[in-house]
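Worksheet: the structure to be examined is printed underneath.
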Amino acid sequence: MNQRQIIQVFELYQKSRLQFVQTVADLASRPQNIDALQEAGVLSLLRPLLLDPAPSIQHTAAQALGRLAEHSDELAEAVVREGILPQTIRSLASQNRFYKKTSAFLLRAVAKRSPELSQAVVSCGGVEALVPCLLDFDPWVKEAAAWALCCIARHNAALSQVVLDAGAVPLLLLCLLEPEIALKRIAASTLSDICKHTPELAQIVVDNGAIAHLAQMILNPDAKLKRQVFSALSQISKHSVSLAELVIEADIFPAAVACLRDPDDCVKKNVTTLMREVVKHTPELSQVIVNCGGIAEVIDYLGNCHGHLRLPGIMMLGYVAAHSENLAMAVIVSKGVLQLSLCLSEEPEHHIKAATAWSIGQIGRHTPEHANAVATADVLPRLLELYLDASSSEDLQAKSKTALKSILQKCTDLPRLEPLLYDAPSNILKHVLGQFSKVLPHDSKARRLFVTSGGLKKVQEIEAEPGSVLQQHVSSINGCFPEEIVRYYSPGYADVLLERL
């Protein structure tokens, strides 16, 4: 056999290996093939190909393994058991940009599955190998590395701390300055996932100048980038007053409020979430958002979306209203109660209804003026219905009850309270009657209306334990009317008259 024939044997071997990994990589992209590939022992066959002399075979093998690991926890765990991670991590130091990119993809596919698998990547030195890739000349390598770090950081504070300690944050901020939009997106997303866990992590990110970099991109035309930017600013703002103030000082408002008219639903939701995280801290921060026209814009937003998109806006209104009478009145004047009433009726999810009930309670609990404005929106019967409904979640029942009681204790709009006389249980009824006993002694018109509407008759039918708060309120109400009128509307009075005849 001459030299040419020998070379052909090796060329055929290389061609076959390449064809094998390319085919497996293609098959691994379709879920229906995964079980068959696993039964054929594909992991043990791909592992040695990670060290193949041919770079194209190396990176295609890594790509195939990444696609397999993405499919399930079981396969990702198998990749770890096979000892594939150390080989993959060593390859990140190579000069081949394709291999770097696919190796980072494989690490990402494993890390995203669970905190335990992320820890396996960390334990093999994955973070230390990925961070230098953020300085690579190839933007696709940077993007792949940032994405892998994002999947590690998102799980918990300890893993985020590892990413931070490896020096990733300054390099991620540099990635925000790169022209490639995809790289900007994943860099902002990674910063968001680092910040979300603890105030300490968020503070370190802020200390590196993250807010200024993020603030420059809130008007970027790319919707996916804006989603991540507002998410990161939200995760920073949520932890403390001081961090929220730093976000405000970056002058992102009112430009951020204008983004509530963005065509992208996720952008609008993340802007609303940012506003919620800012306003929850103090009345002063809430006032900043109010002064920017944020209340009216959020209410308009709630009228144009449904489901989970509404939740941050609903809670934002509740946080604003909770701070003071004036802020709660700002929500009322902007027709916030009417919109929340619609949310309470339209939304099927119990956790959204519960948040809405809580926000309504925060608006109506301040003064009679606030409570009457809430009652005018006809939400009291609905809150009672949700509280009494056995199918309501425990949280929904609790929040409906709390909201109802806090509003009833201030409400003086008796015609709005009267329907509750017929359906409310005694623990709610005592608050309803308490309001009647406060208003009726001083309002003759209300007393006449109470008689003609049947309210007084209904009060006489209430069975209250002697000496109870409920009985005291009944007695107070009866004391507002002449004795003969009270007797006339008492149960059995007609029978007494017949007996006299």
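The values are calculated or read from the model by the stated rules, or taken from the named source; none is laboratory data. Just so it is clear, the structure is predicted and the values come from calculations on it, not from any experiment. Note that we place each Cβ from the backbone using ideal geometry, even for glycine, and neighbour counts take in every protein chain shown.
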- Task: Looking for whichever is out of contact with any Phe, Trp or Tyr (no Cβ under 8 Å at 6 or more places or on another chain), in a helix (DSSP H, G or I) and crowded, with 22+ Cβ neighbours inside 10 Å here; the options are 246, 233. Which one fits?
- Result: 233
- Message: Suppose we filter region 422-453 for residues that are in a helix (DSSP H, G or I) and either touching a residue at least 40 places away in the same chain (Cβ under 8 Å) or assigned by TED's automatic domain parsing to the domain that holds residue 360 (or both); how many remain?
- Response: 8
- Task: Look at residue 68 and say whether it is over 14 Å from residue 103 (Cα atoms) and either touching a residue at least 24 places away in the same chain (Cβ under 8 Å) or acidic (Asp, Glu) (or both).
- Result: no
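Rundown of residues vs (1) within 30 Å of residue 74 (Cα to Cα); (2) of a type outside the set (A, V, I, L, M); (3) touching a strand residue (DSSP E or B) at 6+ places or on another chain (Cβ under 9 Å); (4) surrounded by 10 or more Cβ atoms within 10 Å (Cβ to Cβ), yes/no style:
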{"residue": "5", "(1), (2), (3), (4)": "no, yes, no, no"}
{"residue": "12", "(1), (2), (3), (4)": "no, no, no, yes"}
{"residue": "15", "(1), (2), (3), (4)": "no, yes, no, yes"}
{"residue": "20", "(1), (2), (3), (4)": "yes, yes, no, yes"}
{"residue": "24", "(1), (2), (3), (4)": "yes, no, no, yes"}
{"residue": "27", "(1), (2), (3), (4)": "yes, no, no, yes"}
{"residue": "33", "(1), (2), (3), (4)": "yes, yes, no, yes"}
{"residue": "39", "(1), (2), (3), (4)": "yes, yes, no, no"}
- Query: Say we look at region 1-39 and pick out the residues that are of a type in the set (Asp, Glu) and assigned by TED's automatic domain parsing to the domain that holds residue 64; which of these is farthest from the chain's Cα centre (by Cα)?
  - Reply: 39
- Take residue 104 and decide whether it is touching a residue at least 40 places away in the same chain (Cβ under 8 Å), of a type outside the set (S, T, N, Q) and closer than 24 Å to residue 29 by Cβ. yes
- Task: Give the number of residues within region 187-201 that are among the hydrophobic types (A, V, I, L, M, F, W, C) and surrounded by fewer than 24 Cβ atoms within 10 Å (Cβ to Cβ).
- Result: 1
- Out of region 210-257, which residues are closer than 20 Å to residue 301 by Cβ, in contact with an Asp or Glu (Cβ under 8 Å, 6 or more places away or on another chain) and among the hydrophobic types (A, V, I, L, M, F, W, C)? 223, 257
- Query: Is there a residue in region 140-151 that is at pLDDT below 95 and among the β-branched types (Val, Ile, Thr)?
  - Reply: yes
